[in-house]
1. Report, by chain and number, residues whose modeled amide H sits under 5 Å from the one on A:SER130, excluding near sequence neighbours (fewer than 5 apart, same chain).
2. Report, as an integer, the average count of C-beta atoms from other chains found within 10 Å of each Cβ along A:19-30.
3. Expressed as an acute angle from 0 to 90° and rounded to the nearest 10, what is the orientation of the C-alpha long axis of helix C:145-157 relative to the principal long axis of chain C?
4. If you rank B:ASP7, C:ASP328, A:ASP201 by how much accessible surface each has, with a 1.4 Å probe, what is the order from largest down?
5. What's the Kirkwood radius of the stretch C:1-131 in Å, using all Cα pairs?
6. Check the straight Cα-Cα distances from B:LYS307 and name the aspartates and glutamates below 17 Å, setting aside those fewer than 8 residues away within the same chain.
7. Tabulate in residue order the Karplus-calculated ³J(HN,Hα) for the stretch B:70-78, using 6.51 cos²θ - 1.76 cosθ + 1.60 with θ = phi - 60°, rounded to whole Hz; enter x for Gly and Pro.
8. Can you tell me the convex hull volume per residue for chain A, based on C-alpha atoms, in Å³ to the nearest whole number?
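The values are calculated or read from the model by the stated rules, or taken from the named source; none is laboratory data. None of these values were measured; they are calculated from a predicted model. Ideal geometry is used to build each Cβ from the backbone, glycine not excepted, and the neighbour counts take in all protein chains shown. Just the protein is used for accessible areas: all its heavy atoms, side chains included, with ligands, DNA and RNA removed. Shrake-Rupley method; radii C 1.70, N 1.55, O 1.52, S 1.80 Å.
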Amino acid sequence: MNRPSLGLKIAALGGLAFLHVPLLFILLYAFTTEEKSYAFPPPGYTLKWFGVVWGRADIWAAVGLSLKVATIATLIALVLGTLAAGALARAKFFGREPISLLFVLPIALPGIVTGIALRQAFGLMEIPFSFWTIVLGHATFCIVVVYNNAVARLRRLSPSLIEASMDLGADAFQTFRLVVLPNIGTALLAGGMLAFALSFDEVIVTTFTAGQQSTLPIWMLSELIRPRQRPVTNVVAVLVILVTFLPILAAYYLTREGGQARGAAGTGK
Amino acid sequence: MSLATFDLPSPREGALRRFSDLLLRRGHLIVLLLLAPPLIWLGLVYLGSLFVFLGQSIFSIDEFSGTIVREPTTATLLELFRPANFDILMRTVGIATAVTLLCAVIAFPIAYYAARYAGPRAKAAFYLAVMMPLWSSYLVKVYGWKLLLAKEGAISWFAGRLGLDGALDAWLSLPLVGGPSLSVSYTGMVLTFTYLWLPFMILPVQAALERVPASLIEAAGDLGAGPGYTFRSVILPLAMPGVVAGAVFTFSLTLGDYIVPQIIGTSALVLGQAVYTLQGTAGNIPLAAAFSLVPILVMALFLTLAKRTGAFDAM
Amino acid sequence: MHAPAPTSAVPAVRFAGVARHFGAVRAVDGVDLSIAPGEFFAMLGPSGSGKTTCLRLIAGFEQPDAGHIEIFGETVEGLPPYRRPVNTVFQDYALFPHLSVGENVAYGLKVRGVARAEREKLAREALALVKLAGLEARRPAQLSGGQRQRVALARALVVRPKVLLLDEPLGALDLKLREEMQVELKSLQRALGLSFVFVTHDQGEALSMADRVAVFNEGRIVQVGPPETVYERPANRFVAAFVGAANVIEPDMAVALGAASGLYSLRPEKIALLAPGVPAPDGAAAIEASVVDVSYQGAVRRLAVRTTAGVALTAAVPASHRAPASGDSVRLAIPLGALMPMEAET
């Protein structure tokens, strides 16, 4: 039982390859000379699509919007998620369980349900679709990522540290600033990065809460449905992989001590 | 042994410090103040809008004017059982089931290897190898499969090189799973979904397997059980909560998706697409709400069953 | 039963009828006490007896459900911890892991707005007091358990508390270190002239360090007094058993020994072995017993015996004596003056 059988090895490595090979093909097709089809193998290789992307104003507008949305949605999620974690990490009161369920709901329900519900709510409240409706939609499902990370870290924080701070003369706000925040800082940073990656990548809820504006995923979706210059989409996809991989990698290293990255099982579309 | 005499200054008194006094005197106030902002958004606006949307499933649509008739009726809910709509539901549940089974089969060896044989370094590598695809862009992943599945794409090319193009054509000519090409077939759709949700299956199964003590497996061996019997009678039952937890994700994520079927798939609608068209071009919000209730109810049922197997400890 | 507090104008800490309940659990159930300035006061009891909750009530981490608490004559109910002139050394030390040792010690000064140079000087001085000079730049994680404990002590003392609270501060240390720290804490307390309130479940620790000991059981103080009194004259069956395992003499046995009917305690070391044929000395009763078990404990041998009337007793005799073996019949001398009356039980 101490050595894996050959069959198990092949199955495990095959499974991992299955997870990664499609991403390699995206990279490969970013250099193809063929722009009308997905012919394999590519008839030739070129770097010109990177130049084309550089010159495309619509792509840069979408990137800019996505970055702005992700930044602000992450900030809102950081504030609300930390507040919620502070209230629920140690509190024991009736209604605690339903409230934590409520935080998970936006990513537990199909994105399309959340999207339509929010679209209708904005309609009822007569809020015109704008940058801010996209941000609010994203913040809704980003809260849980921050919340999960912060709750996990707060539960590991010894309660006597907070008592010691107050014992030494610090009031509740000084204690938060000087003791709690420094000790949950990396967890918040990790949660914030994951929230950023989630927002930067979101397409379903955005479809319903965006007006005429196009975030990067919306731009990409339209390219997938009606392809024009196919390799351009590949170049953008490669850039997206880089922009989302880095924060995820950073979040992994930030939360690694004492457990695996929180909130992993619990995200999706 | 002594300390110098020293007049300790009093801390600055201010509004914040007096507010802090109040918070500490009333322990519930602090919880309330912390919870209020997230609860106002999620509890009031978000939950409220969910209820408003889903609640419209008891209204109906006026066939001529296309406006919503705000009178309670079961007509819209019953419409789900009309053959055309019921087909959509069955098709979606069928795809979700196939995706879940396929995910479980592919995930198990990875999770088993990582849980039982990988050292600490290999385990970290495994974890990252699963986390990276999990968190990388959804659309990019879908796009990757569009490239692979295309008629002129890599899978067809490799099949041709390996002399398997005949087998591929034979598979595509089968009813139900086949189609003009992989990218316009249920096979392609199920493969893409499986790929998208696989990490959600690997992580809980691995977590469940980590909790199977090695001594238990050795004990089974000591008692004369062969590897196959040990696997079936010891490992599989103990891993089951993890599989169920993973299935909660793979099943629910497939039920709600409408983008993959739009990009890869046949012209026959699945549930997500139906909701999307109903709320958009068709403007039939009541029926869209009725359709949306299905995945929510299915998942509620699934979760109740999952809770009994102890699947939540594996999440 | 509550011994009067040492005479002093204003007690450092005073409890009057203090109660603290957690749901149905009466953690502290009507406690009165008075701790004098400069006193080393131990709260002794098994876990769950309410001693730690009493400490937390003084510190302000808990608020009483009933009763009245004063620190140096000032009412403190409702005051948060940061408004009380007391400081705590925590059981797990509660050093801030993100701050250096120097910053930990200076924390209380920083939140009071003391300038950096001044607070660094005071922190250095406090660290020197606990013999940790020069370790300012270390992180708490780099210190040994004993060093962490000293940092916690320096951090509490640097803000000049009027009362220092110590919650099982020696619990996590090994035996040798614990004995060293007992001596050191005691001399530190003498030198600073501060009131120390010390919570422990270790009776040896309480008896050797404290000026007075309060014994807790089930949320109440069952006896308070100097160590000698608590040890020699336990007030009731609980104290007799918890503080140094004294024998309890039931009324019928007391009568059989020739004393007045009543409940008594009897220290094991007061019982003497009689050589065969030697009569009991004046004022002592002789009884026959058989030895059930003998255990050697260095200076003494502890004999578990059973009298002919069937009563189990423990005797501690000098180890230099010839030891009886299990099953031997022995004669024991019990000096009647060593029988200490205890509270009658209702």
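1. Sorted by chain and number, the residues that satisfy this are A:GLY211.
2. Average neighbour count from other chains, rounded to a whole number: 6.
3. So the helix axis and the longest Cα principal axis differ by about 60 degrees.
4. B:ASP7, C:ASP328, A:ASP201
5. 16.8 Å
6. Straight-line reach from B:LYS307, under 17 Å: A:GLU97.
7. Listing the rounded values in order: 8, 10, x, 7, 9, 4, 5, 5, 5 Hz.
8. 192 Å³
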